[in-house]
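What follows is a set of notes on a single structure, which appears directly below.
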C-alpha cells in the first residue's frame, strides 16, 4: 500500500503479476467494498485523505462496482471502461492492449495547426473516423479535434453531459479502437486533440455526491449544478491524472479545455499546465488550448498554447448577418471595428465593458497570432445559439 503522504491514483490500475489496485476517494464512507463480477466482495482499506484501497488478483475485463457502507453500489468515478452504460458496472481495462505502430510520433508545432472539429458519433464511431483520415489529410487538415468522449447517459450526446471522464464512450467503440484511431492519424501526419470538460459533470450518472460531497461546493452554483471544488487537492489530482491519461496512454497531441472561465479558483489552470509540462518528454509537441470567455491573455503568455477566439466569430457573424441577439449583442455597436481589432490585436474585448456593462478580457496585442484559434463556425454556433 502507498505511504500515507502519497495517496493512490484514482481507479482500477494494473499492479503487476495479474493484480489490480482499486482506489476510491470516499471521505464520507465508513466502509467501502469492491464487488467483482457481481458476487466476489472484497473490503477496501481506509487510506490517507479519504481514500479506500486494496490490491487484488483480477483479470482484464472483470466487471466491478463499489459498495458504500453496505448499501449503494456505484460505478468507479475513474472507470477506464464502462461497457454497460454509466449506471452499470465498470470494467478493468488493461493499459497496454494496443500495439502502437507510430510510437516515434512527436507531434507538430502549433503554427502548423489547421483544425477540423468533429463529432465521433456522427462519423460512425472510432473506426468510422479512422476511415476518413486519408480524406482529411488530403484536404490539408493537420489536426483533428474530437468533441468530448467521456461516458454519458444514453446513446446520443454532444459530449458535454459526460459523467465518467476517464471512460471513453462505449457507444463509439472500445478504448483500443480509440487508440487505433489516434495511432492511424499519426501515420497520416495528423495531430489529434481531445475536447475535455473539467468545469462540470452532466446531470445523470455521476454518483460522487453520494459518498464524496467534498468534491463539490455548496457556495458556488453553476448553470450545470453544484460547482466542482477545485480548492481540494484530491479533486485537482482527479482531473490532472485524467489529462495525463489522455496525453500518455492514448497519446493525444493536446487537449481543448471547455469553458475554463467556470473553473474556480482559476489557479487550477496553472497547476494543470505545470503538471502536463513536467510529464512531457523533450521534443514532443503537446498543446493545451482554452475556451475562455474571460479572454485571459495572461494564461496564453504563461504557457497555454492557444485559445478559441470567440471574438473573431462573433464580430464576423454580426458584420455578415446583422444578427444581434444573445452573445452577439456585445458586437452590435460596431462589428467592423471589433473585427479589425481582433485581426490586429487578438481579442476585441481587452478589459473594457461591453454594452451591458460586463468587463471582460486582458490586453492581448503582444501575443503571437497563432495563440488565437479562429473559426467561422464551431459546435456552439451551429447547435447552441440564439434562434
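The values are calculated or read from the model by the stated rules, or taken from the named source; none is laboratory data. Given the structure is predicted, the values throughout are model-derived calculations rather than measurements. Reconstructed Cβ throughout: ideal geometry from the backbone, glycine too, with neighbour counts over all protein chains shown.
How many residues are at pLDDT 95 or above, in contact with a strand residue (DSSP E or B) (Cβ under 7 Å, 6 or more places away or on another chain) and more than 18 Å from residue 34 (Cα to Cα) when one looks only at region 84-108?
Matching residues across region 84-108 total 2.
Test residue 315 against the stated conditions and say whether it is at pLDDT 95 or above and on the phi < 0 side of the Ramachandran plot.
Against the criterion (at pLDDT 95 or above and on the phi < 0 side of the Ramachandran plot), residue 315 qualifies.
Could you pull out every one of the strands (runs of 3 or more DSSP E) wholly within region 209-299 that has 1 or more residues that are over 14 Å from the mean Cα position of the chain (by Cα) and within 30 Å of residue 185 (Cβ to Cβ)?
none
If you go through region 89-126, how many residues are surrounded by 13 or more Cβ atoms within 10 Å (Cβ to Cβ) and not in a loop (DSSP other than H, G, I, E, B)?
13
Exactly one of these conditions fails for residue 198: (1) farther than 14 Å from residue 255 by Cβ; (2) touching a strand residue (DSSP E or B) at 6+ places or on another chain (Cβ under 7 Å); (3) not in a strand (DSSP E or B). Give me its number.
That leaves (1) as the condition not met.
Between 344, 336, 322, 326, which is at pLDDT 95 or above and on the phi > 0 side of the Ramachandran plot?
322
For every residue, the table says whether it meets (1) surrounded by fewer than 17 Cβ atoms within 10 Å (Cβ to Cβ); (2) farther than 16 Å from residue 13 by Cα; (3) not assigned by TED's automatic domain parsing to the domain that holds residue 197.
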position: 235; (1), (2), (3): no, yes, no
position: 238; (1), (2), (3): no, no, no
position: 242; (1), (2), (3): no, no, no
position: 246; (1), (2), (3): no, no, no
position: 249; (1), (2), (3): yes, no, no
position: 257; (1), (2), (3): no, yes, no
position: 261; (1), (2), (3): yes, yes, no
position: 267; (1), (2), (3): yes, yes, no
position: 274; (1), (2), (3): yes, yes, no
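Out of 366, 344, 361, report the one residue that is out of contact with any helix residue (DSSP H, G or I) (no Cβ under 7 Å at 6 or more places or on another chain), in a helix (DSSP H, G or I) and under 27 Å from residue 110 (Cα atoms).
Matching residue, one of 366, 344, 361: 344.
Go through (1) surrounded by 22 or more Cβ atoms within 10 Å (Cβ to Cβ); (2) in contact with a helix residue (DSSP H, G or I) (Cβ under 8 Å, 6 or more places away or on another chain) one by one and return the number of the condition residue 162 breaks.
Among (1) surrounded by 22 or more Cβ atoms within 10 Å (Cβ to Cβ); (2) in contact with a helix residue (DSSP H, G or I) (Cβ under 8 Å, 6 or more places away or on another chain), residue 162 violates only (2).
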